[in-house]
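Enquirer: This is the structure, below, for whatever I ask next.
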Amino acid sequence: MMKTYKIVEIERKCIKNDYSYAEIVMESEAQDGWEVVTVTFDQGKDIRGSMIIVFSRER
């Protein structure tokens, strides 16, 4: 079977010191059959950065 992937970016200002918003996003995607592959932070040019969540599911 083939997998399909989705990348979701959450701006750091939405997270602050509480990851509950990220949990809501992950739970919402899980209801549609998506599984978390990895979570990382992208610092980029902005020192505040953003959270990157990679999801996958079977096609």
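The values are calculated or read from the model by the stated rules, or taken from the named source; none is laboratory data. As the structure is a prediction and not an experimental result, all values here were calculated from the model. Cβ atoms come from the backbone with ideal geometry, glycine included; neighbour counts cover every protein chain shown.
Enquirer: Show the residue pairs that are 6+ apart or on different chains and have beta-carbon atoms under 7 Å apart, the first residue being within region 1-22 and part of a helix (DSSP H, G or I), the second being among the polar types (S, T, N, Q).
Expert: Close Cβ pairs satisfying both conditions: ARG12/SER50.
Enquirer: Can you tell me which of (1) surrounded by 14 or more Cβ atoms within 10 Å (Cβ to Cβ); (2) under 13 Å from the mean Cα position of the chain (by Cα); (3) modelled with pLDDT of 95 or more is the one ARG57 doesn't meet?
Expert: (2)
Enquirer: Can you tell me which residues in region 3-41 are modelled with pLDDT under 95 and small (Gly, Ala, Ser)?
Expert: Answer for region 3-41, where residues must be modelled with pLDDT under 95 and small (Gly, Ala, Ser): SER20, ALA22.
Enquirer: For region 5-40, which residues satisfy the criterion of being farther than 11 Å from VAL54 by Cβ and in contact with a Ser or Thr (Cβ under 7 Å, 6 or more places away or on another chain)?
Expert: Correct list: ILE10, GLU11, ARG12.
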